[in-house]
1. Looking only at residues that are hydrophobic (A, V, I, L, M, F, W, C) and surrounded by fewer than 13 Cβ atoms within 10 Å (Cβ to Cβ) in segment 99-119, which one is nearest to Phe71 (Cα to Cα)?
2. Can you name the helices (runs of 4 or more DSSP H) wholly within segment 160-245 that have at least 1 residues being under 21 Å from Leu129 (Cα atoms) and free of Cβ contacts under 8 Å to residues at least 60 places away in the same chain?
3. If you go through segment 244-281 one residue at a time, how many are closer than 14 Å to Ala65 by Cβ and surrounded by 15 or more Cβ atoms within 10 Å (Cβ to Cβ)?
4. On the given criteria, is Val208 exposed (fewer than 13 other Cβ atoms within 10 Å of the Cβ) and β-branched (Val, Ile, Thr)?
5. For Ile96, work out the one condition from (1) surrounded by 13 or more Cβ atoms within 10 Å (Cβ to Cβ); (2) more than 22 Å from Leu277 (Cα to Cα); (3) without any contact (Cβ under 8 Å) to a residue 40 or more places away in the chain it doesn't fulfil.
6. Please find, within segment 147-170, the residue that is surrounded by the fewest Cβ atoms within 10 Å (Cβ to Cβ) out of those that are within 18 Å of the chain's Cα centre (by Cα) and β-branched (Val, Ile, Thr).
7. Based on what the data block shows, is Val190 closer than 18 Å to Leu276 by Cα, β-branched (Val, Ile, Thr), within 22 Å of the chain's Cα centre (by Cα) and surrounded by fewer than 20 Cβ atoms within 10 Å (Cβ to Cβ)?
8. Collect the residues in segment 36-73 that are of a type in the set (Gly, Ala, Ser), closer than 25 Å to Ile178 by Cβ and part of a loop (DSSP other than H, G, I, E, B), keeping them in residue-number order.
Amino acid sequence: MTTEAAPPAPSAPATELEPGRAKRRIPMWDTARFLAVTLVVIGHAIQRQTAASEHALALYTFIYAFHMPAFGVISGYFSSADTPTAKRMRRTITDIVVPYIIMQTIWTVVQALVEGGKKFNPTQPTWTLWFLLALGIFKLILPYLAQLRWPLFWAVVFSIGVGYFDNVDSTLSLSRAISLLPFFLLGWQVKQWGLFDRWYEAPRRTVVRIRIAAGAVFVAWAVACAIWIPQFKQFDLHHWFFYDDSYSGLGEDAWWAGGVRFGLMLLATVLTASFLLLVPR
């Protein structure tokens, strides 16, 4: 079982286009990305303690239940499903492919110096670099998925289905890209629905009520992590939140394993929504 590192902040700018106006920056999304990256730092800081401390594992499980889906939602929100153009393809290369090759090369050199014998392999992303490849895959296939009648439904089907195939692994981040695709599609779909456009203008009383409910969701999940961490540890729950291994690789090759992933995806969706609703507007 490989250890997990969370992705870097999505590269898309936190801006939105208003009709008849130039792009305006939405501070909420910058804050959301900052808070998500802060959760990454906390997760990395306590990762080595999770084997010996149930308190650390509880916090780790709490964070990993939603922080990678949150990155996927934020990335999808600022992605376009327009027909690919030469300019967009060049941006995909300059913003994702080139940085990935550079950082993968640097990591290979560092690991060779520290560990020895490390070979450069661009098909096996190192540490957080998997998210760059996944993001590239998301952006390349979004225009085609958007042509389907229910793109979010099919993304969920792909995510659940890929877990049954042991031969879909971390090569080119394919397993994670497919597994986390529903969250990226959800972010894009939320933008099409205009939900946050209404949220920005919602009256204060409504905002307070919704945030109380969102806070209650977080408290409930925190209590669950604190009380049931022995059971979560026995089930190896935090590894399910990596969205990397197949079900058999996670020790659950039964037919109903896909239902477990679907349930965890619903949990991640509720927690991600609560997270974004608690971010100051």
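1. Filtering segment 99-119 down to residues hydrophobic (A, V, I, L, M, F, W, C) leaves 101-103, 106-107, 109-110, 112-114.
Going one step further and asking which of them are surrounded by fewer than 13 Cβ atoms within 10 Å (Cβ to Cβ), we end up with 102, 106, 109-110, 113-114.
Numbers: Ile102: 22, Ile106: 24, Val109: 28, Val110: 27, Leu113: 32, Val114: 31 Å.
The extreme case among them is Ile102.
2. Here the list reads 174-193, 237-240.
3. Residues in segment 244-281 being closer than 14 Å to Ala65 by Cβ and surrounded by 15 or more Cβ atoms within 10 Å (Cβ to Cβ): 13 in total.
4. yes
5. The number of the failed condition is (3).
6. Among those that are within 18 Å of the chain's Cα centre (by Cα) and β-branched (Val, Ile, Thr), it is Val157.
7. For Val190, the condition - closer than 18 Å to Leu276 by Cα, β-branched (Val, Ile, Thr), within 22 Å of the chain's Cα centre (by Cα) and surrounded by fewer than 20 Cβ atoms within 10 Å (Cβ to Cβ) - is met.
8. The first filter runs over segment 36-73 and keeps only residues of a type in the set (Gly, Ala, Ser), leaving 36, 43, 45, 51-53, 56, 58, 65, 70, 72.
Pick out the ones that are also closer than 25 Å to Ile178 by Cβ and you get 36, 43, 65, 70, 72.
Result: Ala65, single match.
Read-outs: derived from the displayed coordinates by stated rules, not from any lab. What you are looking at is a predicted structure, and each value in this text was computed from that prediction instead of being measured. With ideal geometry, Cβ positions are generated from the backbone for all residues, glycine too; neighbour counts draw on all protein chains shown.
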